[in-house]
Each structure stands twice: as structure tokens, then as C-alpha cells.
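Here is the structure we will look at.
The values are calculated or read from the model by the stated rules, or taken from the named source; none is laboratory data. From a predicted model like this one, the values you see are computed outputs, not experimental measurements. Reconstructed Cβ throughout: ideal geometry from the backbone, glycine too, with neighbour counts over all protein chains shown. Keep in mind that these areas ignore ligands, DNA and RNA; they rest on the heavy atoms of the full protein, side chains included. Shrake-Rupley method; radii C 1.70, N 1.55, O 1.52, S 1.80 Å.
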Amino acid sequence: HIHGGFGTDLMKANAEKVNDLSVNLKKQDVCAWMPTLIGDRLDILEERVKTIAEAAKYNRGADILGVHIEGPFISDKKSGVLPEENILPCDTKFFDRLSKYGLLLRFTVASEAENALDFIKYAVKNGGTVTLGHSDDDGSMTQKAIEAGASGFTHLFNAMRGIHHRDGSITKTALLSGLPCEIIADKKHLSAETLRMIYRIIGIENVVLVTDAMSAMQSEAGEYDFCNKKVYYNGETVEYKGILAGSCLTMPKALHNFCEVNGLDEKSTAEAVLKNSLKMIKREDLFEKYI
């Protein structure tokens with residue numbers, strides 16, 4: 001789950017730039033990745049998926065396992081910095097049009113979005129995967145989405161209804177689901193205490209470390225374009241009007257942070273995270289290739 005890095009924005013990059021990013025990720029010991037696109041009009045997403053498919057044909061770096069579409073089927077109450085103007089009801093024509101380029105498709109969907117359950121069933125039936133996120137659900141629709149075939153959760157706690165001791169929420173349901181949960185372990189999106197709590201509840205067998213990085217990752221501090229907005233990278237975090245806007249986290253740092261706060265061995269944790277990540281996108285068959 002990464003939107004860019006090293007100056008490359010996956011919503012704008014040509015195939016050569018996508019490949020350059022892939023090479024740079026491999027230098028960070030990333031064996032495989034899933035380029036993440038911001039939800040947008042279907043014609044724009046189709047052009048982006050076509051570009052990534054072209055890059056994958058002559059990829060020189062970390063393997064491109066597919067494409068992750070974050071939106072446009074999300075809640076306007078938990079959109080974060082994703083463009084609210086692009087939010088749409090779930091529509092299977094997005095899956096049909098984008099799947100013709102031969103890449104595994106993963107969509108992040110809010111379970112309460114219009115037509116969400118039908119979309120999840122359709123995507124899973126046709127070889128795609130769906131994770132749940134950017135949602136204000138009280139947990140009831142989340143559970144139905146799991147039953148429909150959703151296979152995990154997008155950046156746990158972030159851009160989703162949080163925990164209150166008297167109320168249900170997607171976050172509670174995620175923690176109790178037994179499904180893989182993405183975690184942005186930069187100690188900014190989630191505090192060290194929250195990272196410890198997550199580990200205590202779900203164990204290492206459901207932790208998926210992600211960066212959610214954008215183009216400023218491994219670049220200079222300053223102003224950048226992200227999600228149709230001007231965001232600012234201050235050297236530690238990327239923000240838009242006080243809201244976290246992706247990150248500049250690297251995967252080695254994410255692994256180090258999670259292991260440090262939980263007293264874990266990095267090698268065995270990396271192996272577990274790899275296994276969990278492949279489980280989320282239903283490609284467990286690749287585990288031996290990358291181990």
C-alpha cells in the first residue's frame with residue numbers, strides 16, 4: 001500500500017517512473033509491492049492501471065503484484081485527504097474495465113457505501129480482493145462485508161470510526177475479525193502504545209505493515225501535490241490543514257518501529273508480515289518465492 005516515493009506520484013507517473021520506483025523499493029529490501037491509486041473517474045483510473053500494467057511487463061525492481069484502488073467507494077465522513085468530490089456508489093463496471101489489463105485488483109471499500117455488499121461479492125467471485133476502510137460503520141455492515149468476502153482492513157484505526165467502550169465500530173470488528181489488518185507503524189498515524197495494543201489483540205499472524213507513502217518519501221521537505229491538494233512534508237509527516245496525508249515512511253523503518261515497541265525479532269516478523277500480506281490478497285502461493 002504505497003502511493004509513491006522518490007519524487008514519483010503513481011497518479012501521474014509514466015511506466016518508466018513506475019519502474020524507477022520499483023527499483024528503488026527493491027533497494028530498500030522490498031520484494032513485492034502493490035501500487036496504490038486514489039479513487040477517481042473510471043477513465044482516469046483505467047489510464048493509470050494501463051500504465052502500471054505496462055511497467056509490470058518489463059519491471060526491473062520489486063515485483064508488482066497488482067493494483068490497489070483506494071476509493072472511490074468510501075464514506076464521505078472518513079475520507080481523510082481523499083477527494084470527496086470523487087466519492088461514488090460501488091459500481092462493478094469499475095472492476096470489469098480495470099481487470100482487463102491482467103493485474104490483480106484490490107479495492108478499499110467502505111462497507112456502508114451504496115451497493116458495497118454486491119460489489120464485494122462480484123469482485124471476489126471474479127478474482128479480485130476487497131479490504132475495508134475509510135468507513136464510519138458501527139460494525140454491523142462491516143461484519144456483513146466480511147461474510148460477503150472482504151479479506152482484510154485498510155490502515156487500521158486511520159480513516160475509520162474509532163473505539164468507544166459503549167459503541168460498535170469497524171475498528172472493533174477489525175480487531176476481532178481474525179483477518180489481516182494494515183498498520184502504518186510510523187509512530188505518528190498510530191502511537192507506540194496503540195502499536196503495542198494491536199499486537200496484544202491480533203498477534204503477529206494478522207499484522208500487515210504498510211507505508212502509505214506518497215511522492216515525498218525519500219525526498220526533501222516542502223510542498224507536494226497529493227489527492228488534488230497541496231500538502232506539506234515537514235521532514236517527519238505529510239499534512240494537509242492538520243490532517244495526516246499519507247506518509248514518508250519506508251518499509252525498513254516500519255518493520256523496525258513495530259519490532260522495537262513490541263520487543264520482536266525483525267527477521268521472523270518480516271516473514272510473518274510477508275505471509276499476512278499475501279494472505280490479504282489471496283496469493284499465499286507466492287510465499288516460498290519471496291521467503
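Among the residues of segment 62-73, is there at least one that is modelled with pLDDT under 95 and within 23 Å of Leu156 (Cβ to Cβ)? Yes, the conditions are met somewhere in segment 62-73.
Results for (1) farther than 19 Å from Gly127 by Cα; (2) open to solvent by 10 Å² or more (accessible area, probe 1.4 Å), shown as yes or no for each residue.
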{"residue": "Asp29", "(1), (2)": "yes, yes"}
{"residue": "Thr36", "(1), (2)": "no, no"}
{"residue": "Asp43", "(1), (2)": "yes, yes"}
{"residue": "Val49", "(1), (2)": "no, no"}
{"residue": "Glu54", "(1), (2)": "yes, yes"}
{"residue": "Leu65", "(1), (2)": "no, yes"}
{"residue": "Asp76", "(1), (2)": "yes, yes"}
{"residue": "Pro83", "(1), (2)": "yes, no"}
{"residue": "Ile87", "(1), (2)": "yes, yes"}
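Assess whether Asp138 counts as being closer than 20 Å to Glu260 by Cα and either in contact (Cβ under 8 Å) with a residue 60 or more places away in the chain or part of a loop (DSSP other than H, G, I, E, B) (or both). Against the criterion (closer than 20 Å to Glu260 by Cα and either in contact (Cβ under 8 Å) with a residue 60 or more places away in the chain or part of a loop (DSSP other than H, G, I, E, B) (or both)), Asp138 does not qualify. Selection within segment 12-23: residues that are surrounded by fewer than 23 Cβ atoms within 10 Å (Cβ to Cβ) and touching a Ser or Thr at 6+ places or on another chain (Cβ under 9 Å). The member of this set that is nearest to Tyr58 (Cα to Cα) is Ala15.
Taken as a whole, segment 149-169 holds no residue that is without any contact (Cβ under 8 Å) to a residue 24 or more places away in the chain and either part of a helix (DSSP H, G or I) or in contact with a Pro (Cβ under 6 Å, 6 or more places away or on another chain) (or both).
Residues in segment 212-226 that are among the hydrophobic types (A, V, I, L, M, F, W, C) and open to solvent by 40 Å² or more (accessible area, probe 1.4 Å): Ala221 alone. Kindly establish whether Ala145 is surrounded by 14 or more Cβ atoms within 10 Å (Cβ to Cβ) and over 19 Å from Thr36 (Cα atoms). Yes; evaluated as a whole, the condition is true for this residue.
To keep it simple, each residue is scored yes or no on (1) under 25 Å from Arg97 (Cα atoms); (2) surrounded by fewer than 16 Cβ atoms within 10 Å (Cβ to Cβ); (3) within 20 Å of the chain's Cα centre (by Cα); (4) not acidic (Asp, Glu).
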position	(1), (2), (3), (4)
Asp118	yes, yes, no, no
Asp137	no, no, yes, no
Thr154	yes, no, yes, yes
Asp186	no, no, yes, no
Val210	no, no, yes, yes
Asn228	yes, yes, yes, yes
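When segment 89-101 is filtered for residues that are open to solvent by 70 Å² or more (accessible area, probe 1.4 Å) and assigned to a loop (DSSP other than H, G, I, E, B), only Lys100 remains. Out of everything in segment 27-43 that is outside any loop (DSSP other than H, G, I, E, B) and out of contact with any strand residue (DSSP E or B) (no Cβ under 9 Å at 6 or more places or on another chain), what residue ends up being farthest from Lys229 (Cα to Cα)? Of everything passing the filter in segment 27-43, Lys27 is farthest from Lys229 (Cα to Cα). The one condition from (1) touching a His at 6+ places or on another chain (Cβ under 7 Å); (2) touching a residue at least 60 places away in the same chain (Cβ under 8 Å) that Ala110 does not meet is (2). Among the residues examined, Ile74 qualifies as within 27 Å of Lys144 (Cα to Cα), of a type in the set (A, V, I, L, M) and either in contact with a Lys or Arg (Cβ under 7 Å, 6 or more places away or on another chain) or not in a strand (DSSP E or B) (or both). Only one of the listed residues (Thr173, Thr211) is free of Cβ contacts under 8 Å to residues at least 40 places away in the same chain and out of contact with any Pro (no Cβ under 8 Å at 6 or more places or on another chain). That residue is Thr173. Flag: Tyr199 matches the condition of being aromatic (Phe, Trp, Tyr) and either surrounded by 22 or more Cβ atoms within 10 Å (Cβ to Cβ) or more than 29 Å from Pro72 (Cβ to Cβ) (or both). I'd like to check something: does segment 268-284 contain any residue that is without any contact (Cβ under 8 Å) to a residue 60 or more places away in the chain, assigned to a helix (DSSP H, G or I), out of contact with any strand residue (DSSP E or B) (no Cβ under 8 Å at 6 or more places or on another chain) and open to solvent by less than 20 Å² (accessible area, probe 1.4 Å)? Looking through segment 268-284, at least one residue is without any contact (Cβ under 8 Å) to a residue 60 or more places away in the chain, assigned to a helix (DSSP H, G or I), out of contact with any strand residue (DSSP E or B) (no Cβ under 8 Å at 6 or more places or on another chain) and open to solvent by less than 20 Å² (accessible area, probe 1.4 Å).
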